[in-house]
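The values are calculated or read from the model by the stated rules, or taken from the named source; none is laboratory data. Since the model is a prediction, treat every value here as computed from it, not as a measurement. All Cβ positions, glycine included, derive from the backbone under ideal geometry; neighbour counts span all protein chains shown. Surface areas here come from the heavy atoms of the whole protein model, side chains and all, with no ligands, DNA or RNA. Shrake-Rupley method; radii C 1.70, N 1.55, O 1.52, S 1.80 Å.
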Amino acid sequence: MRSQTQSVWHGGSLRHLSHGLVEPLAEAALEKMTFDRVFLGADGVFPDGGICEADLQQTRLKELMARSTEHVYVLAHAAKLIRQPFHAWARLPRKWTLVTDHEADSSVIAAFTANGIEVVAVNHEGQRVG
């Protein structure tokens, strides 16, 4: 019986919730690529260099992408900062950029910048604030 949350494709299994490919075929493809920039979403983001996801397959792909790029950008709503809804973690390189919304608390932003992470806050129109 086919899972309601995933479909099998030649590039891996498609997660319907995120429209992302996971599993070994997707990993093999990513291991052969390089990127100028990678933009990652996350279920939770911590200033010590990690992003939290729902499962290990997602974290594995995000780690592979982060290792194959010049710069990582994590796009996360302020409500996802310093939040741990799951227990699967992807470690990020030492230098990366967090892009969040203007509702992020200044003490939370300070925790990220204290760890050498550039933080870009934007308003509802996508314009940089602060």
Some residue of region 73-85 being in a strand (DSSP E or B), touching a residue at least 24 places away in the same chain (Cβ under 8 Å), buried (at least 21 other Cβ atoms within 10 Å of the Cβ) and of a type outside the set (S, T, N, Q): yes
Condition check for residue 43: under 29 Å from residue 130 (Cβ atoms) and more than 14 Å from the chain's Cα centre (by Cα): no
Flag if residue 67 is modelled with pLDDT of 80 or more and open to solvent by 60 Å² or more (accessible area, probe 1.4 Å): yes
Of residues in region 78-114 being out of contact with any Lys or Arg (no Cβ under 9 Å at 6 or more places or on another chain) and polar (S, T, N, Q), the one nearest to residue 45 (Cα to Cα): 84
Residue that is surrounded by the most Cβ atoms within 10 Å (Cβ to Cβ), among those in region 7-57 that are at pLDDT 90 or above and aromatic (Phe, Trp, Tyr): 46
